[in-house]
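Worksheet for the structure shown next.
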Amino acid sequence: MLQALPVNLDKLVVSGTKITMEKPRLSGFTKDQRPYEFTAEAAAQDLKKPDVVELQNINAKVQMEDKGIMRMTAISGVYDTKKESLKLEQQILLSSDNGYKGRLTEAVVDVRSGDVVSEKPVELEMLQGILNANRMNITNSGDVIRFENGVNMTVMLNGEPLRKDKIPAR
């Protein structure tokens with residue numbers, strides 16, 4: 001009966017076989033009991049594909065091993081409820097409490113294990129340098145981070161923070 005016309009129930013809209021929700025929130029714990037939380041401006045789920053949730057303007061927070069917080073934002077993403085994986089796309093920004101920043105064009109996050117893989121170019125800004133790579137793989141809850149396929153790193157060894165305008169063009 002709801003398929004016949006769009007129905008707006010507060011922050012829930014049903015149109016055809018698609019349900020759209022404003023301001024969804026997902027929280028839980030990783031396998032090693034660190035809390036995480038994902039929020040978005042909107043989520044859409046097609047009743048014909050109940051395991052897939054399309055997300056817009058995503059914000060995520062994950063507690064790291066050292067109890068610091070890693071924050072992640074992205075324009076869009078797809079959450080697979082069965083696999084508990086989140087594929088982030090478009091203008092992904094990472095930041096951590098200890099000053100690290102990152103820019104990615106895509107990333108796949110295994111929500112339970114905390115593993116992150118990006119098969120596309122990444123740029124990480126550290127306190128004394130910048131690292132560029134064409135692939136990144138984070139495993140073991142962040143204990144191991146691998147950069148592959150054309151890694152380029154610029155490091156300032158004198159202890160002063162590196163200014164982006166002083167980095168040679170790639």
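The values are calculated or read from the model by the stated rules, or taken from the named source; none is laboratory data. Just so you know, these numbers come straight off a predicted model, no measurement behind them. Virtual Cβ from ideal backbone geometry, glycine too; neighbours counted across all protein chains shown. Side chains included, ligands, DNA and RNA excluded: accessible areas come from the protein's heavy atoms. Shrake-Rupley method; radii C 1.70, N 1.55, O 1.52, S 1.80 Å.
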Given the conditions (1) outside any strand (DSSP E or B); (2) free of Cβ contacts under 8 Å to residues at least 60 places away in the same chain, and given that residue 32 satisfies all but one, which numbered condition is not satisfied?
(2)
Determine, yes or no, whether residue 13 is of a type in the set (Val, Ile, Thr), without any contact (Cβ under 8 Å) to a residue 12 or more places away in the chain, part of a strand (DSSP E or B) and open to solvent by less than 60 Å² (accessible area, probe 1.4 Å).
yes
Look at the stretch 86-115 and say how many of its residues are in a strand (DSSP E or B), open to solvent by 20 Å² or more (accessible area, probe 1.4 Å) and within 18 Å of residue 64 (Cβ to Cβ).
6
The stretch 98-112 residues that are touching a residue at least 60 places away in the same chain (Cβ under 8 Å), paired with ones that are in a strand (DSSP E or B) and hydroxyl-bearing (Ser, Thr, Tyr) (beta carbon under 7 Å, 6 or more apart):
111/36; 111/85
Leading residue by the ranking (farthest from residue 70 (Cα to Cα)) among those in the stretch 116-154 that are β-branched (Val, Ile, Thr) and open to solvent by 70 Å² or more (accessible area, probe 1.4 Å):
151
Residues satisfying the stated conditions in the stretch 124-152, i.e. in contact with a helix residue (DSSP H, G or I) (Cβ under 8 Å, 6 or more places away or on another chain) and either aromatic (Phe, Trp, Tyr) or under 27 Å from residue 33 (Cβ atoms) (or both)
none
In this structure, is residue 71 farther than 20 Å from residue 41 by Cα and either among the charged types (D, E, K, R) or in a loop (DSSP other than H, G, I, E, B) (or both)?
no
Hey, any hits in the stretch 43-55 for a residue that's assigned to a strand (DSSP E or B) and under 9 Å from the mean Cα position of the chain (by Cα)?
no
When you go through 23, 31, 48 one by one, which is the residue that is at pLDDT 90 or above and open to solvent by 60 Å² or more (accessible area, probe 1.4 Å)?
48
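So which residues in the stretch 84-95 are charged (D, E, K, R) and modelled with pLDDT of 90 or more, if there are any at all?
Across the stretch 84-95, the qualifying residue is only 87.
Mind counting the residues in the stretch 54-70 that are modelled with pLDDT of 90 or more and either charged (D, E, K, R) or under 22 Å from residue 16 (Cα atoms) (or both)? It would help to see each step written out before you state the result.
Here is the first cut: in the stretch 54-70, the residues modelled with pLDDT of 90 or more are 54-59.
Going one step further and asking which of them are either charged (D, E, K, R) or under 22 Å from residue 16 (Cα atoms) (or both), we end up with 54-56.
Result for the stretch 54-70: 3.
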Got a number for residues in the stretch 80-127 being within 17 Å of residue 151 (Cβ to Cβ) and among the acidic types (Asp, Glu)?
3
Single residue of the stretch 116-170 satisfying the filter (at pLDDT below 85, assigned to a loop (DSSP other than H, G, I, E, B) and among the acidic types (Asp, Glu)) that is farthest from residue 94 (Cα to Cα):
160
